[in-house]
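Before any comments, here is the structure.
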Amino acid sequence: MSDIALDDAEPRTRPSTGWLVALAVALAVLLPYVAPGLFAWAKSYPSAWIVPVSDWLKAFLYWLARDATFGLFTFKEMTRFISGLFGYALDVPKALLSTGINLGEDGAAGHIPRLSWAGIIAAVTIWSYLLGGRRLAMLGFIGFGYIALFGQWDSAMVTLSQVILAVAVGVAGGIGLGILAYRVPRIEGAVVAMLDFMQTVPTFAYLVPLVFLVGVGPVSGMLATILYAMPPMVRVTMMALKRVPPELEELARMTGCEPRQSLWKVLVPSARDGLLVGVNQVIMLTLNMIIIAAMIGAGGLGFDVLNALRQANGLGKGLEAGLAVVAMAIVLDRMSRALVELRPVHGDAAARRRRLFWVGMAALIGFTALSLAVPELERLPNEWRVSTGNMWSDVVSWVNLNLFSTADAIRTFLLIYLLVPVKTFMIGFPWLGLLALVAGGAWALGGWRFAVGMAALIAFIPMAGLWERGMTTIYLCSIAVVIAMLIGLPLGFLGSRSERMHNFLGAMCDTLQTLPSFVYLLPVVMLFRIGDVSALVAIVLYAMVPAIRFTDHGLRGVPANLNEAGTMAGCTGAQRLAKVQLPYALPEIMLGVNQVIMMALSMLVVSSFVGTNDLGKQIQVAISQADPGKGLSAGLAIAFLGIFADRMIGRWVGARRARMGM
Amino acid sequence: MVSLAPVEAAPPSKAAPAADAPAALICRNLWKVYGANAEAFLREHPEATTAEIRAAGLFAAVRDATLEIRQGEIFIIMGLSGSGKSTLVRCLSRLVEPTAGAVFYEHQNLLRMTPAELIELRRHKMGMVFQNFALLPHRTVLGNVAFPLEVQGIGKAEREERALEVIELVGLAERAGHYPRELSGGQQQRVGIARSLAAEPALWFLDEPFSALDPLIRHEMQNEFLRLQRMLSKTIVFITHDFDEAIRLGDRIAIMKDGVIIQVGTAEELMLNPASDYVSEFTRHVARAKVLTAGGVCVPVTPGEALGPAVPARSRVADVAQIVMAADAPAAVVDADGAVLGKLEKAAVIDILVGGAR
């Protein structure tokens, strides 16, 4: 009950202890600089103190793979069984979309064609029209048309078949787990903790053990995708079920529903909108993963992009495949979002919907049947294709010729005056001082126990021997966050001021968020070559969105009467912003910062592809060396950084909101 | 402004159940206390006061409620927000598990029932209307009304036929194929009412059914509700925070404050003999002439006194005011058999109409 008050959220103010803590922090930071000889151990972490976490993890994984057993079957048999199961399941969408079915040996007894490209384009267009009207239909037609015309169809269908299966499993599993957690309060806490962890662990961290346990191939690519895309579905399901009005739950009980009836007839359908938002998220996260999954053998468009990135002159091809990913992502995103908005209708409107659905189905089947007679409908002949490969290569060369000197100047400037000095400072920072800073900050926010927990998270980095890479991560991440905020705050502010700007930014953020993270690397590498600058720019582009969104939303959330009170008190516009709006919106903006940090951390690993030497790099190296221990420990370190940032900001926002009575 | 003519049409008269109708729903010493170990605390302190409960870190939403609701009556539970009326009605239907006490329906203790028995009881004997309608957004009007029957496992054709009958009863036959979001608030609550009646329950709970509607629609729905009750004669537990609604609809009214039932009685009893200042505060601003009956306010006749026209004891003062005022002598208040119970003088009627505070 609300009667039991919780006034304890206020940060404590203990002046005397506060001064002591500040003094201790200052000493830990400064002493190694003042007396380097005496405090060398407090500056660079002594290698004798390093705990061989990587080796332990490695030994554990080897044990899992070789000896672990559940009695009836071994762990290895279980992973084999799971991968076999997924392999069979994947055959279904693959046959439909990509390979068709060969009867007899090698198609000796005939061939059932895959779904015709023309049929798929027609069906996507018609169904888009059903979902979102003419504009969405245009988008669907152009998106899938691009994929077909530009020779990306075969790769795209390999990708799409994996996406379909991953989404199906992710959604079903997510809803199942979400319902379980909702129904059984005892496991809810455990599930939430697991979700928190899963969402902060970068995908790369579990790629390594996954490859180690399941092997390279489409199945492990898909498993990684599902592991990545499912947690948000679980969370969304739990939230959506909790948001069902309590009256509906009471209705179910008063009409005498059995638990199963109340779940499937009342709760789940009433949570439809929320659940569909989750489906949209799963689709987007799945598409986000396709290039990462390609690293462990998933093939498809992801492989094409990856291959292009690895080749010296492949950027043109890479851009073409990357655009196909973008096209698919945008179309699927808008379609699934339109599905959320779709409201039930009756009478003629409902009949029209049914008709459109079947027309789309008929087009799909009709074209496919026709392709038995007209093989061009199954496989688009090469002559019909347009390739921009050359065009994009030309663009790349043009950029190199004309923009290179400018880009290079920017790059050099950033490196010399910003990146290198900060990096040197961060890597040379005394480790004990960092821990003291972390603990002191956490103490001020949440007391002693919180401080110990937070310091332990950060202490993992030097202890596991990851100091240099860890600090590189922190340095890149914090610079990226600062720049993202410097761009995002003013943009968000402008968005909160004008409706037109708001709509424009909304569309821009939507598009930025739809793009899989890897896509950012292509143009950036084109301009800035490989190195920290490219990584930084890619991270900023990717992580900027929440900075804009939360600022805009936070400022718009300031109640009208507060603004009026400010105006009536005689504030100028700037005063109102500084004294009324910003303080009120600050918690919301800080949540945006939190999101920016999370996205930057996840992008860091991706960006290690373009040549940074951070924790992400270590994971990447671990994949190529098949050293699961190193990959896992680096992944844990990133996860701990994420959890640290999340908890610190969460505390601050909570305290601030409690103080403002929100 | 006061006029001698009735300001509005008299409420449709209720088929008032006899005061000696058998009790249908009984609750005895019902408690709902929130907080850790509330049950143990209540076992040790069966007579705990509000202060004691709060001191123990607990919160009493319902304290020691005892009620007898008669068959076929409209029983109103009236209280301001936070008074515990919603919790009480949820204890009566066991949507909320009471901490202590007993609830009897047809001689069975609800609180002793197994989940399966409870499901059976709710499927066939209880219906409930919710404040915010609680319509299932993914189902049409027909689908919503047929829902309780579907849950019982009744076949599609039969349940839709029966649902259509009820939909017709609430006047929504033309909207049966619509979805809730396509309806107005008043129409949505008609669907809620139809749904709660679909399984033909004997016991009908209405939880502030008209609070979310605007005043004009509310009035219309109240009339509709009375019309339905005249046809159906259910045993009704009706919750409201609106005293006007309570006296308009209720046969008897229970007034709740801070989880305690302060007084139970007809509107007239509450007005003539309020148990506390809290109760008289509610009745103060009510048009007394529309509540008080001739029988309730008449005074004994002096032997040999000449009396004017006869008025029935059960009629409201507002309805007979013109007759009394037009006559030369005090009106004779008579019961159903024509026997004179007392007299009603012009001065008394004026006093009631002009409404001096008592």
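Here, each number is a calculation from the coordinates, and none is a lab measurement. Computed from a predicted model, the values in this text were never measured in an experiment. Reconstructed Cβ throughout: ideal geometry from the backbone, glycine too, with neighbour counts over all protein chains shown.
Using a simple spin-label model with pseudo-atoms 7 Å out from Cα toward Cβ, A:Trp398 and A:Glu77 lie 6.3 nm apart. Normalised by 2.2 N^0.38 Å, where N is the number of residues, the alpha-carbon radius of gyration of the range A:304-454 equals 1.90. For the Cα trace of the range A:164-342, dividing Rg by the Kirkwood Rh returns an Rg/Rh value of 1.07.
In square nanometres and to one decimal, what's the mean projected area of the convex hull around the Cα atoms of the range B:90-145? Could you put the intermediate results ahead of the total?
Numbers: hull surface 20.0 nm².
One quarter of the hull surface, i.e. the mean projection, equals 5.0 nm².
Using 26 Å as the Cα-Cα cut-off, could you pick out the over-long pairs in A:Lys43/A:Lys617; A:Lys94/A:Lys617; B:Lys32/B:Lys290; A:Lys94/A:Lys242; A:Lys265/B:Lys234; B:Lys290/B:Lys343? Walk me through the numbers before you get to the answer.
On the way: A:Lys43/A:Lys617 24 Å; A:Lys94/A:Lys617 33 Å; B:Lys32/B:Lys290 36 Å; A:Lys94/A:Lys242 37 Å; A:Lys265/B:Lys234 28 Å; B:Lys290/B:Lys343 18 Å.
The answer is A:Lys94/A:Lys617; B:Lys32/B:Lys290; A:Lys94/A:Lys242; A:Lys265/B:Lys234.
If the viscosity is 1.306 mPa s and the temperature 10 °C, what Stokes-Einstein diffusion coefficient in µm²/s follows for the range A:102-261 when Rh is the Kirkwood radius over Cα pairs? Translational diffusion coefficient: 81 µm²/s.
Shielding of peptide B:117-123 by partners, expressed as the average count of other chain Cβ atoms within 10 Å per residue Cβ, is 3. Identify the residues of the range B:82-103 with backbone N under 12 Å of a label point that sits 7 angstrom from the Cα of B:Ser211 along the Cα-to-Cβ direction, or state none. Under cut-off, by backbone N: B:82-89. With a Förster radius of 60 Å applied to the C-beta separation of A:Ala59 and B:Met231, the computed FRET efficiency comes to 0.15. Please list, in order, the residues from the range B:47-83 whose amide nitrogen is less than 16 Å from a point placed 7 Å along the Cα→Cβ vector of B:Ala21. Residues B:68-77 qualify, since their backbone N sits under 16 Å from the label point. Please report the base-10 log of the normalised intensity I(q)/I(0) for the range B:289-354, using a Debye sum with one equal scatterer per alpha carbon and no solvent, at each q in 0.18, 0.22 (1/Å). Those come out to -0.53, -0.80, one per q. Stretched out straight at 0.36 nm per residue, the stretch from A:Val216 to A:Ala89 would grow longer than its current Cα-Cα span by 44.0 nm.
Rounded to the nearest whole Å³, what is the per residue volume of the convex hull around the Cα atoms of the range B:244-358? Write out the running numbers ahead of the final one.
Numbers: hull volume 12.3 nm³, N = 115.
Hull volume over Cα atoms, normalised by residue count, gives 107 Å³.
For chain B, the equivalent ellipsoid built from the Cα gyration tensor has semi-axes of 38, 28, 18 Å, listed from largest to smallest. Only helical runs count toward this figure. For the protein assembly as shown, summing -39,500 (n - 2.57) over DSSP H runs of n ≥ 4 and dividing by all residues gives -20500 deg cm²/dmol at 222 nm.
Using just the Cα positions, wrap the protein assembly as shown in a convex hull and report its mean projected area in square nanometres, one decimal place.
Numbers: hull surface 224.2 nm².
In nm², the orientation-averaged hull projection of the protein assembly as shown is 56.0.
When the Cα centres of the range A:129-199 and the range B:69-134 are compared, how far apart do they sit, in Å? Between the Cα centre of the range A:129-199 and that of the range B:69-134, the gap is 44 Å.
Hey, with R₀ at 51 Å, roughly what FRET efficiency would A:Lys242 and A:Asn307 work out to, going by the Cβ-Cβ distance, to 0.05? Before the final figure, lay out each step's value.
Numbers: r = 45 Å, r/R0 = 0.88.
FRET efficiency, A:Lys242 to A:Asn307: 0.70.
Over all projection directions, the Cα-based convex hull of the range A:327-414 averages an area of 11.1 nm². Model label points for B:Met325 and A:Ile410, set 7 angstrom from Cα along the Cα-to-Cβ axis, are 8.8 nm apart. A simple rule links phi to the HN-Hα coupling: the Karplus curve 6.51 cos²θ - 1.76 cosθ + 1.60 with θ = phi - 60°, which for the range B:284-291 gives 4, 9, 8, 5, 4, 4, 8, 10 Hz, with x for Gly and Pro.
A DSSP coil position with no more than 11 other Cβ atoms inside 10 Å describes the following chymotrypsin sites (Phe, Trp or Tyr not before Pro) in the range A:24-114: A:Phe70, A:Phe73. Under the combined filter of DSSP loop state and at most 16 neighbouring Cβ atoms within 10 Å, the range A:61-159 retains none of its trypsin sites (Lys or Arg not before Pro).
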